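The values are calculated or read from the model by the stated rules, or taken from the named source; none is laboratory data. For clarity, every value in this text was computed on a predicted model and none was experimentally measured. All Cβ positions, even for glycine, are placed from backbone atoms using ideal geometry, and neighbour counts span all protein chains on display.
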Amino acid sequence: MVPEFGQLALIIALVLAAMQVVIPLVGVQSGREWLMAYARPLAAGQAVFLMVSLLALTYAFVTDDFSVVYVATNSNTQLPTPYKISAVWGAHEGSLLLWVTMLGAWGLAVAWFSRTLPLDMVARVLSIMGMVSVGFILFTVHTSNPFERHLPSAPLEGADLNPLLQDFGLIVHPPTLYMGYVGLSVAFAFALAALMSGRLDAAWARWSRPWTTAAWVFLTLGIALGSWWAYYELGWGGWWFWDPVENASLMPWLVATALMHSLAVTEKRGLFKSWTVLLAIFAFSLSLLGTFLVRSGVLTSVHAFASDPDRGVFILALLGICVGGSLLLYAIKAPTVASVGRYQWVSRESALLVNNLLLLVSAFAILLGTLYPLVHDFMGLGKLSVGAAWFNTMFVPLSVLLALVMGIGSMSRWKSDAFSRLGQELKWACLAAILLGAAVPLLASGEWNWQVVMGMSVSFWLIGATLVDVWKKSRGQLARIPKLGVSFHGMVLAHVGVAISIIGVTMVSNYSLEKAVKIAPGESTELGSYRFEFAEAGHIEGPNYVSDATRFKVWRDDKLMEVLTAEKRRYNASGQIMTEAAIDVSLFRDVYVSMGEELPDGAWGMRLQVKPYMRWVWLGAIFMSIGGLLAVMDKRYRARQHKRAAAPAAKEAVA
C-alpha cells in the first residue's frame, strides 16, 4: 500500500507542478496579484508531495518490500540498513526521484526566502522551475517509475545493491552533487524571468547571486566527494581519470564559476548583462547534458546509471526544449539588453572577463573531448577514445593562465587601473612565487622538474597576490581585516582553496610512487623511504560478505608507522568481488595498499603506493566551499539585498 501512496504523491506533485507553470504566468500576464500569489503555495505543495514519494520509496527499501521491482533489483535482506537507505538513489529510477525531489526543495527554498522580492518576479521564477519539474516528473512517471510492482507474485529475496555502491560515498556523494546540479535551475530561472520582464538590472543580479553561489558550493563539494570516493574505492589509487561522467560534473562547475564572477560585475557595475544570462543558460544546460550522458546509455562508465535509449531520447528532448526555448527567448530579448558603464582594458572588469573566457574555453575543451568519440561513432567512423593525455594538454595550460589572471584580478581596480601600479603592488609576490616554486623540486627530489616549478609557482603566486590584496584593503592594519566583510573573506578562502588544490595536484602527479609486487607472508619490500612487511593473511566475515584480507606493517626509518589491512570481498548475494584498499592518511602523504590475486604458491599480488599531498586536492575544495558558504551567509549583504529589493516593488505599486 505504501508504494501506491508514493506513486499517488508523485502524480499529485506532477499536477501541482503543471499548475505552478500556468497559474502564476496567467497572473503575470493579466496583472492579477492573487493569481501570482499561488506560485509559493504550489511550489511548497509540489515539494511536500515529492518528499512524501521519496520517503515512501525509502520505507519500501528499509522494510525489504521486494514486491517493488526497483527494491528487488537493488537491495537484499542482508544489506546493512544505512546502505538500504542510500540504495534508494543507487540506481536510475530512485536517483531520478531524488533529482526531482531536490528540484522541488530548491523551489520551496525560493518560495520561502523570496518574501522581499517583487511578486511578479517570484511568479516567473517559480513558474520556470515548475516547467523543469513537469518535464522531469513526467520522465520519472512515464519511463522510470520506481514504484513498479512484481505481479502477480514477489520474489522472496532481492538481487542486492552493486557492491561498488555499498559504501559511505554513496550516502553523501550523489545527494550533494545533485543539489549542485539542480540548484543551477534557480540561476537559470532567475535569468529567464529577468529576460521575460526586461528587468536585467543590479537588483536581479543581487537576487540571483546567493542562489548561484549556494548551488556552486554543493557542486564543489559533490565533485570533491566523488573524487575522494573513486580514490579509495576503485582500488587503484587514482582520484581523477577524465571519465565522461566525471567531466559531466566538471563542465557545469566551470561555467557556474564564471557565472558567479559575471553576476558580481553585473551587480556592481551594470555590465556583462547578456554574458551573465548566457552563462546561466549554459550552466543549467550542461547540468542537463550531464543527466543525459549518465542516463541515456550513449556511454560506458562505472558512474553511468542507465542504458535505455528510450530514456535517452526523452532526456534529449527535455534538453532541446530547455536549451532551445531559453536561447530563443534570449534571441528575442537580446536587443533590449543594454549594459551601462565603461571600463578600460586594464581594470577589474577586464580581468573578470578574461577569467570567464578561460573558464568557458576550458569547459568547451572538456565538452569536445567528451562528445567527440560519441559523434565519431554515431557517424559510422568507428570507435575511438580521448585519453587523459589530451585533456591534460588542453586543461593544464588554461588552468595556469586562470590562476595568473585570478591573482591580478583580485588586486585590480574597477573601471580603470594601470599595469605600473599593479606591477608595483605585486612584484614581491611574483618574485617570491618564482623563487619558492623553483625551490620545491630541488628540496623534494634534488632534481629540476619544470612541471612542478610551474604548478607550485602559480599556486604561490595566487596565495601571495591574495594576501597582498588583504593587506592593502586593510591598510596594513591587522585590526581592520575582520571588518572587510564576510563576502570578501569568502573570496579570499576560495582563491586560497584553488591554490591549495593546485599544490595537491602538482605534487601527487609528479612525486607519487607505485610498485606492483609478488609478496608472501613474512616477506617485506621497500618503496621510497617506506618498508612494507607482509604480516599475515586471513579472512574477515562481514554482514553480507566474506573477504580475504592481508595485513601489512608499514615502517619508516625503522619506526612502525601503521598497520594496514586490505581486503578482497566476495558478496554473498551476487558473488561479486570488490577490492577494499587500506590507506594510511596524513596531511602530507597517503600510504596506499590494495590487493591483487592470490598466487598458487601462497603469495599475493599487491599494489603499493605512496602519494604525497594527496589530501590537499580535497582540502582546497573544502576551502572553496567554505568561502562560498560565507558569501551566501553574509548578513550585511543579505540586509542590503532586502532593502534594495523592495524598491522596484514600491515603484511598481506607485505606478
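Scanning the stretch 526-557 for residues being aliphatic (A, V, I, L, M), more than 35 Å from the chain's Cα centre (by Cα) and under 16 Å from GLY575 (Cα atoms) gives a total of 1.
The residues of the stretch 564-614 that are aromatic (Phe, Trp, Tyr) and over 17 Å from ILE540 (Cα atoms), listed by number, are PHE588, TYR592, TYR613.
In contact with a Pro (Cβ under 7 Å, 6 or more places away or on another chain) and farther than 18 Å from ALA193 by Cβ, is that true of LEU286? Criteria met by LEU286.
Among residues of the stretch 373-391 being loosely packed, with under 11 Cβ neighbours inside 10 Å and either part of a helix (DSSP H, G or I) or not assigned by TED's automatic domain parsing to the domain that holds ALA363 (or both), the one that is nearest to the chain's Cα centre (by Cα) is ALA389. Set side by side, the residues SER144, SER208, SER185 differ, and just one is among the small types (Gly, Ala, Ser) and farther than 24 Å from ASP634 by Cα, which is SER144.
Report yes if some residue within the stretch 479-491 is of a type outside the set (S, T, N, Q) and under 30 Å from GLY538 (Cβ atoms); otherwise report no. No, there is no match, as no residue in the stretch 479-491 is of a type outside the set (S, T, N, Q) and under 30 Å from GLY538 (Cβ atoms). If only residues of the stretch 172-208 that are among the polar types (S, T, N, Q) and within 23 Å of the chain's Cα centre (by Cα) are counted, the one that is farthest from TYR83 (Cα to Cα) is SER208.
When the stretch 432-472 is filtered for residues that are closer than 23 Å to ARG348 by Cβ and either without any contact (Cβ under 8 Å) to a residue 24 or more places away in the chain or among the hydroxyl-bearing types (Ser, Thr, Tyr) (or both), the ones remaining, listed by number, are SER459, THR466, VAL470, TRP471.
Of all residues in the stretch 1-57, how many are buried (at least 17 other Cβ atoms within 10 Å of the Cβ) and outside any helix (DSSP H, G or I)? Summing the residues that are buried (at least 17 other Cβ atoms within 10 Å of the Cβ) and outside any helix (DSSP H, G or I) in the stretch 1-57 gives 1. When the stretch 111-134 is filtered for residues that are within 13 Å of ALA37 (Cβ to Cβ), crowded, with 22+ Cβ neighbours inside 10 Å and not aliphatic (A, V, I, L, M), the ones remaining, listed by number, are PRO118, ASP120, SER127. Residue-level analysis places LEU156 among those that are assigned by TED's automatic domain parsing to the domain that holds LEU108 and in a loop (DSSP other than H, G, I, E, B). Exactly one residue among SER127, SER144, SER185 is closer than 26 Å to VAL245 by Cβ and in the same structural domain as LEU25 (by TED's automatic domain parsing), and that residue is SER144. Within the stretch 575-591, the residues that satisfy the criterion of being surrounded by fewer than 16 Cβ atoms within 10 Å (Cβ to Cβ) and on the phi < 0 side of the Ramachandran plot are GLN576, ILE577, VAL585, SER586, LEU587, PHE588.
Give the number of residues within the stretch 435-448 that are of a type outside the set (Phe, Trp, Tyr) and more than 16 Å from ILE502 (Cα to Cα). Number satisfying all stated conditions: 8. Here is a check on your reading of the model: is ALA429 in the same structural domain as SER287 (by TED's automatic domain parsing) and touching a residue at least 12 places away in the same chain (Cβ under 8 Å)? No. Taking first residues from the stretch 46-71 that are acidic (Asp, Glu) and partners that are surrounded by fewer than 17 Cβ atoms within 10 Å (Cβ to Cβ), the Cβ contacts under 7 Å between residues at least 6 apart in sequence or on separate chains come to ASP64/THR77. The number of residues in the stretch 1-45 being farther than 19 Å from LEU119 by Cα and of a type outside the set (A, V, I, L, M, F, W, C) comes to 4.
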